[in-house]
């Protein structure tokens with residue numbers, strides 16, 4: 001006992017990211033992208049998809065307009081209407097659980113699925129040219145109930161109750177219209193991607209995630225935002241989501257030297273195996289005394305690196321999740337992966353490489369998936385996607 | 001559309017509880033109660049129970065000793081050992097995902113289930129006199145897989161990843177000993193009980209929860225802490241946990257005037273229906289012009305009030321939870337209720353009244369349950385519950 005206890009080593013907290021200010025807010029309306037994409041990732045997320053249950057295009061317009069008005073209010077920390085109406089016969093317009101919690105940096109980002117841009121709604125001609133179902137990928141273990149959807153709602157906030165309230169009340173509005181039905185949802189805790197000025201967070205494999213993520217405006221311009229096509233598509237982006245289950249109990253039995261080789265980085269520092277500090281550029285050509293590359297060609301950072309993928313980069317905006325325990329009593333958890341890119345083929349190209357040969361695949365399974373087009377932010381007085389319908 | 005949008009009303013954030021400092025820590029060792037009971041509730045919780053899989057009392061001692069050493073480290077924001085050992089053949093002692101996140105006010109509170117104090121382990125003579133299985137209660141819809149357990153771990157923190165890491169690494173230690181197996185777990189987001197100096201939070205029914213909760217030392221002395229029996233039981237407490245599913249979509253269709261009657265309070269202000277502000281004392285005798293009491297005798301606060309229960313009070317330390325969507329596509333969420341009291345019969349007395357006639361029962365179901373004895377904190381150099389075994 002004593003020996004075990006004595007082996008415990010202290011690791012004091014760093015000073016960055018230690019204070020959370022729940023009074024901050026982001027604007028919903030704007031002239032370019034929706035909030036929640038280039039926005040520095042908040043601490044919590046709630047993601048939900050919906051199936052359209054209407055064949056009338058006008059119903060989609062009404063739903064998007066109702067959602068837009070509600071989101072604009074909630075992102076300011078306001079309710080979406082009276083919680084306690086004075087009339088005895090009235091139901092509340094807002095469910096109330098986020099009252100007085102503050103905006104908590106809430107962003108709600110809406111995505112439009114492939115079905116919207118079809119002949120059902122007379123909108124085939126408006127389809128963003130690269131929007132389509134994702135191809136089958138080698139890591140797929142997709143569960144139908146965790147896959148697809150015609151609309152996506154990504155709510156992120158520094159208070160989980162604020163994020164939950166946003167999705168709950170948008171689901172309630174959808175239900176009230178009869179135009180859309182909930183499909184699947186994931187709550188995320190602990191951001192697993194870094195934005196500008198943020199410490200790099202860790203995923204549930206214990207590794208820093210997002211060291212090489214996009215952070216600069218120029219990178220967003222090049223890799224994230226759609227820059228051509230009709231005006232209403234510009235500063236839109238293709239949203240890809242993947243629910244990635246991680247077999248963390250198995251992972252925890254692996255030697256850390258093996259884990260480091262799987263990622264190509266050191267677990268604690270995040271430095272590439274060829275470097276000394278987190279942000280050192282990986283040297284994929286560097287060899288050891290035996291002539292083998294120090295970073296294995298199958299390491300996660302080697303497979304995903306833009307140097308090895310014709311310069312392709314995508315924005316990752318992921319969160320850790322847990323589903324409790326599985327049927328075997330093992331911890332059931334993973335990564336709710338979200339990426340934004342100006343071509344979903346970029347995600348597919350990277351994931352095809354990662355899924356086919358990544359040593360990580362022994363420990364993960366892609367169980368959920370979705371693809372959506374996130375249109376630009378609505379201008380003040382308009383609703384999201386309004387120009388699609390004109 | 002315009003009319004709907006115009007009806008939206010702003011509700012600016014209050015100034016209290018708006019900043020979260022993730023560098024704060026609580027001590028694990030002490031001369032009285034464990035941390036995590038009278039500690040002001042943190043923002044997140046992770047609760048897990050375990051079944052003992054050993055018949056040897058010594059195995060329980062080893063597990064509690066290993067857990068104690070680990071908890072003491074984690075509550076200081078430290079790892080429980082090296083994340084990245086220098087030896088190529090070594091697994092990490094700590095899984096690493098909370099590295100550098102800070103203590104985040106983490107508390108880990110251990111509970112001991114009824115089975116521990118039996119002849120199996122030669123510990124019948126040490127049984128806390130009031131520890132036994134809970135009686136059947138009128139609101140029970142208990143699922144066996146969400147009920148019971150021989151050990152409980154309640155981790156609470158202001159960062160959910162810190163709470164998750166604590167439970168994960170304690171589960172890993174348990175697995176490594178072969179002495180205990182995970183049983184059930186609930187992650188809580190958003191505290192739903194107020195401690196001293198805290199704003200009263202809201203549950204997912206949108207109502208303030210915990211206005212009349214215990215806050216003063218004298219109240220804890222009278223209602224929470226065990227004050228007699230052997231020294232090792234003093235400043236222990238009986239922990240009752242209930243996973244309470246809430247049918248929030250049905251609730252949201254109810255008139256708020258009805259909801260107010262269900263609780264006996266106003267939804268927004270939290271004031272009793274007989275008062276003007278949250279902390280006004282309810283007047284259960286006050287009648288309206290028709291001669292009916294303003295607060296219905298079946299209202300939640302009437303049924304639960306100490307004035308109507310021979311002075312009985314319990315400490316509530318609950319959290320909101322979500323399980324996503326149910327099989328019907330409805331939001332599946334509720335309250336992870338935790339209470340501490342110096343006699344579990346106090347919980348049973350209150351819940352018998354609430355479960356039999358509370359108008360709230362149309363909207364809730366108790367699906368999980370557990371009872372444990374939380375012994376006092378270990379003294380420095382000892383492990384939790386050590387005196388039980390001497």
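In the range B:179-268, if every C-alpha pair distance is counted and binned at 10 Å from zero, what percent goes to each bin?
12, 31, 32, 19, 6, 0
Using the eigenvalues of the Cα gyration tensor, what equivalent ellipsoid semi-axes result for the protein assembly as shown when each is taken as the square root of five times the eigenvalue, whole Å, largest first?
Those come to 42, 37, 20 Å.
What is the distance, in nm, between label points placed 7 Å from the Cα along the Cα-to-Cβ direction at residue A:53 and at residue B:133?
Each label point lies 7 Å from its Cα, and together they span 4.1 nm.
Please compute the Kirkwood hydrodynamic radius over chain B, one decimal place, Å, based on all pairs of different Cα atoms.
Computed over chain B, the radius equals 22.1 Å.
Any chance you could list P(r) for the range A:106-185, counting all Cα-Cα pairs in 5 angstrom bins from zero, rounded to whole %?
3, 12, 18, 20, 20, 16, 9, 2, 0
Against the longest alpha carbon principal axis of chain A, how many degrees, from 0 to 90 and to the nearest 10, is the axis of helix A:160-177 turned?
So the helix axis and the longest Cα principal axis differ by about 40 degrees.
Comparing A:231, A:289, A:104, which has the greatest mean-square fluctuation in the GNM of chain A with Cα pairs linked when under 10 Å apart?
Sorting by GNM fluctuation, first place goes to A:289.
With n ≥ 4 as the cut-off for DSSP H runs, can you work out [θ] at 222 nm for chain A, using -39500 (n - 2.57) per run divided by the number of residues, rounded to the nearest 500?
-6000 deg cm²/dmol
What order, most packed first, do the peptides B:131-139, B:292-300, A:198-206 have when packing is the mean number of other Cβ atoms within 10 Å of each residue? Please report the intermediate quantities before stating the final value.
Details: B:131-139: 15.0, B:292-300: 18.2, A:198-206: 22.6.
Highest to lowest by the protection proxy: A:198-206, B:292-300, B:131-139.
Counting DSSP beta bridges with both partners in the protein assembly as shown, what percentage is antiparallel, nearest 5?
Antiparallel: roughly 95 percent of the beta bridges in the protein assembly as shown.
Tell me, what is the FRET efficiency for residue B:141 and residue A:389 to the nearest 0.05, using R0 = 45 angstrom and their Cβ-Cβ distance as r?
Approximately 0.45, to the nearest 0.05.
With a 10 Å radius around each residue's Cβ, average the other Cβ atoms per peptide and rank B:267-278, A:275-286, highest first.
B:267-278, A:275-286
Give me a single rounded figure for B:43-56: the average over its residues of other chain Cβ atoms within 10 Å of their Cβ.
Taking all residues of B:43-56 together, the mean is 1.
Counting other beta carbons within 10 Å of each Cβ, put A:225, B:232 in order, fewest first.
B:232, A:225
In a GNM of chain B with a 10 Å cut-off on Cα contacts, which of B:230, B:378, B:41 has the highest mean-square fluctuation?
Among B:230, B:378, B:41, the largest mean-square fluctuation in the Gaussian network model of chain B belongs to B:230.
How far apart are the residue B:196 label points across copies, placing each 7 Å from Cα toward Cβ, in nm, shortest first?
4.5
Average partner chain C-beta neighbours within 10 Å, per residue of B:82-91?
That works out to 6 on average.
Provide a whole-number value for the mean count of partner chain Cβ atoms within 10 Å of the Cβ atoms in peptide A:226-234. Show your work: numbers first, answer last.
Working: counts 0, 0, 0, 0, 0, 0, 0, 0, 0.
The per-residue average across the peptide is 0.
Let's test the formula: R0 of 45 Å, r as the Cβ-Cβ distance of residue B:289 and residue B:40. What FRET efficiency results, to the nearest 0.05?
The pair residue B:289/residue B:40 has a calculated efficiency of 0.60.
Pairwise over distinct Cα atoms, reciprocal of the mean inverse distance: report the Kirkwood radius of the range B:45-123 in Å, one decimal place.
By the Kirkwood definition, the hydrodynamic radius is 14.8 Å.
Quick check on the exposure proxy: order A:119, A:17 from fewest to most C-beta atoms within 10 angstrom.
A:119, A:17
Could you tell me the relative contact order of the range B:319-390? Use alpha-carbon pairs under 8 Å, at least six residues apart, and round to a whole percent.
After rounding, I find 14 percent.
Calculate the spin-label point distance for residue A:31 paired with residue B:253, positioning each point 7 Å from the Cα along the beta-carbon direction, and give it in nanometres.
Placing both labels 7 Å beyond Cα along the Cβ direction yields 4.7 nm.
Hey, in the GNM for chain B with a 10 angstrom Cα cutoff, which one of B:310, B:361, B:100 fluctuates hardest?
Looking only at B:310, B:361, B:100, the largest GNM fluctuation is found for B:310.
Quick check on the range A:245-390: what are the equivalent-ellipsoid semi-axes from the Cα gyration tensor, as sqrt(5λ), descending, whole Å?
33, 23, 13
Which distances, in nm and shortest first, link the residue A:87 label point to the same label point in every other copy, taking 7 Å along Cα→Cβ?
7.4
Relative contact order of chain A: what whole-number percent is it, with Cα pairs under 8 angstrom and at least 6 residues apart?
Relative contact order, chain A: 25 percent.
Taken together, the values in this text are just the output of simple stated rules run on the coordinates, not laboratory data. Small disclaimer: the values here were computed from a predicted structure and weren't measured. Heads up, the Cβs are rebuilt from the backbone with ideal geometry, glycines too, and the neighbour counts pull from every protein chain shown.
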